Amino acid sequence: MSNKIGKPALPEKRAVFATLWENSRGRFHDEAESATRTPFQRDRDRIIHSSGFRRLKQKTQVFVAHEGDHYRTRLTHSLEVAQIARSVARRLGVDEDLAEAMALAHDLGHPPFGHAGEDQLDESMHDYEGFDHNAQTLRVVTRLEQRYPTFDGLNLTWEMLEGLVKHNGPLVTADNPISSLPAAFRDFPYLEKLELDQFAGPEAQVAALADDIAYNNHDIDDGIAAGLFTIDDMLGIPLVGDVFRGVRLEHPVLDTQRTVYEAVRQLIGLWIDDLITETQRRVEKYQPDSAAAVRALPEPLVAFSEEFDAQQRALRAFLYERMYKHYKVNRMRSQAKRVLKELFDLFLQEPDILPPPLRQDAEQAPKERRARLVCDYIAGMTDNYAIDLHRKVFNLESMI
């Protein structure tokens, strides 16, 4: 048994551009600070203990929950993103706890049934200012979680909220004024305090690209496990094909499952290494001396190289055609969208069958607000709950 221990390249101290927990801009509702945790550790713990986080265990991304226990769910995906985000944050010298908290929270606004569910809710909400999962995440952590006696939401730090709303970059540009943002964003009374015209801080940027790394690679694993494509089908994809060929050459008798695991492990490592290298190059180029300086840069500080970005696009194009548009997945999408559409239409027209206290609010609300309440209710459901509820309210046999 080997007892050799490697020495990873870790920074000796925090990077000058890291977000400093000591200088956190605080929370919008005053609270005494924790004696045992930094503000960002406290944010992370609040996410983990939230109802929305627990429900991620039965919210899926591509496959509906009842299709099998071995496919990723939003919860397992979020944990993988958090692990990658911590690893990258550690190597860059930025705050690991903030990066981890951001990774754990980034999918809280997703409805059941993955992208199919999001598309359907946006369609159902077309006349009521639409649905956006990033905006819904902000709604969850600032309003829908109701755990504390003096405020709604989780009362996360400014840095957490800023990172969550700018998960995909600046929200406000010359072509995209604040009035054009989803209603779930505009409903937050402190939205304009989050510096919407700038990039997010470095830890939020780390979490966003950790999301891409996890997503790309676990879809390879899940797609092959589901029989949607094979290893041989992937050999023509840049980088991915080379890695699979290398694993087969080094381990010629390895079974398919272990071959996939080893290739995915190596691919995650390659993507992380490229992310670190390109980010360090940009650090040298811009020399930001604070997290505020990172936000004000003309481009993201944390990024993949152009070469890896192109390889990522090739992989996503393959997965789009062979996985997301596979007829089996399309059937699941069709069923999922039908379930959510019928639930939404029913609850909007018959609010008296909603559970209390939602029923009372929905019955008294004008139609636009009622639609948002119904949308919140459905977006919070798990796959299994939505399927079971649909069966109960539409299947006459459930009355017998």
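The values are calculated or read from the model by the stated rules, or taken from the named source; none is laboratory data. This is a predicted model, so every value here is computed, not measured. Cβ atoms come from the backbone with ideal geometry, glycine included; neighbour counts cover every protein chain shown. Ligands, DNA and RNA are excluded from the accessible area calculation, which covers all protein heavy atoms including side chains. Shrake-Rupley method; radii C 1.70, N 1.55, O 1.52, S 1.80 Å.
Scanning the stretch 249-279 for residues that are open to solvent by 40 Å² or more (accessible area, probe 1.4 Å) and more than 25 Å from the chain's Cα centre (by Cα) yields a count of 10. Pairs linking a residue in the stretch 165-183 that is within 13 Å of residue 195 (Cα to Cα) and of a type in the set (A, V, I, L, M) to a residue that is open to solvent by less than 50 Å² (accessible area, probe 1.4 Å) and in a loop (DSSP other than H, G, I, E, B), with Cβ atoms under 7 Å and 6 or more positions apart or on different chains, are 165/171; 171/181; 171/196; 172/196; 178/172; 178/196.
Residue by residue, here is whether (1) within 24 Å of residue 29 (Cβ to Cβ); (2) more than 18 Å from the chain's Cα centre (by Cα); (3) open to solvent by less than 10 Å² (accessible area, probe 1.4 Å) holds:
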site	(1), (2), (3)
166	yes, no, yes
171	yes, no, no
182	yes, no, no
194	yes, yes, yes
197	no, yes, no
223	no, yes, yes
230	no, yes, no
234	no, yes, yes
247	no, yes, yes
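Mind checking which pairs have a first residue in the stretch 316-335 that is within 16 Å of residue 222 (Cα to Cα) and a second that is part of a helix (DSSP H, G or I), Cβ under 6 Å, 6 or more apart or different chains? From the stretch 316-335, the pairs are 319/219; 323/223.
Scoring residue 335 on the criteria (1) of a type outside the set (Gly, Ala, Ser); (2) open to solvent by 60 Å² or more (accessible area, probe 1.4 Å); (3) closer than 20 Å to residue 130 by Cα leaves a single failure, condition (3). Taking the listed residues 301, 389, 358, 373, the one that is aliphatic (A, V, I, L, M) and either over 30 Å from residue 158 (Cα atoms) or open to solvent by 90 Å² or more (accessible area, probe 1.4 Å) (or both) is 389, with no other qualifying. I'd like to know if the stretch 264-283 contains one or more residues that are under 15 Å from residue 308 (Cα atoms), without any contact (Cβ under 8 Å) to a residue 60 or more places away in the chain, in contact with a Ser or Thr (Cβ under 9 Å, 6 or more places away or on another chain) and polar (S, T, N, Q). Yes, there is a match, as at least one residue in the stretch 264-283 is under 15 Å from residue 308 (Cα atoms), without any contact (Cβ under 8 Å) to a residue 60 or more places away in the chain, in contact with a Ser or Thr (Cβ under 9 Å, 6 or more places away or on another chain) and polar (S, T, N, Q). In the stretch 1-21, of all residues being under 30 Å from residue 161 (Cα atoms) and at pLDDT below 95, the one that is most open to solvent (accessible area, probe 1.4 Å) corresponds to 12.
With at pLDDT 95 or above and touching a Pro at 6+ places or on another chain (Cβ under 7 Å) as the only criterion, which of 121, 194, 138, 156 stands out? One residue alone meets the criteria, 121.
Would you tally the residues in the stretch 317-332 being of a type outside the set (Ser, Thr, Tyr), assigned to a helix (DSSP H, G or I) and at pLDDT below 90?
Quick first cut of the stretch 317-332, residues of a type outside the set (Ser, Thr, Tyr) only: 317-319, 321-323, 325-326, 328-332.
Subset that is assigned to a helix (DSSP H, G or I): 317-319, 321-323, 328-332.
Checking the rest, the ones that are also at pLDDT below 90 come to 323, 328-332.
Number satisfying all stated conditions: 6.
Within the stretch 51-74, one or more residues are modelled with pLDDT under 95, among the small types (Gly, Ala, Ser) and within 25 Å of residue 336 (Cα to Cα). Taking the numbered list (1) in contact with an Asp or Glu (Cβ under 6 Å, 6 or more places away or on another chain); (2) surrounded by 16 or more Cβ atoms within 10 Å (Cβ to Cβ) in turn, residue 288 passes all entries but (1). Applying the set (1) modelled with pLDDT of 95 or more; (2) of a type in the set (Gly, Ala, Ser); (3) assigned to a helix (DSSP H, G or I) to residue 184 leaves exactly one unmet item: (1). Conditions first: (1) open to solvent by less than 40 Å² (accessible area, probe 1.4 Å); (2) of a type in the set (S, T, N, Q); (3) at pLDDT 90 or above. Residue 36 passes all but one, so which condition is the exception? That leaves (1) as the condition not met.
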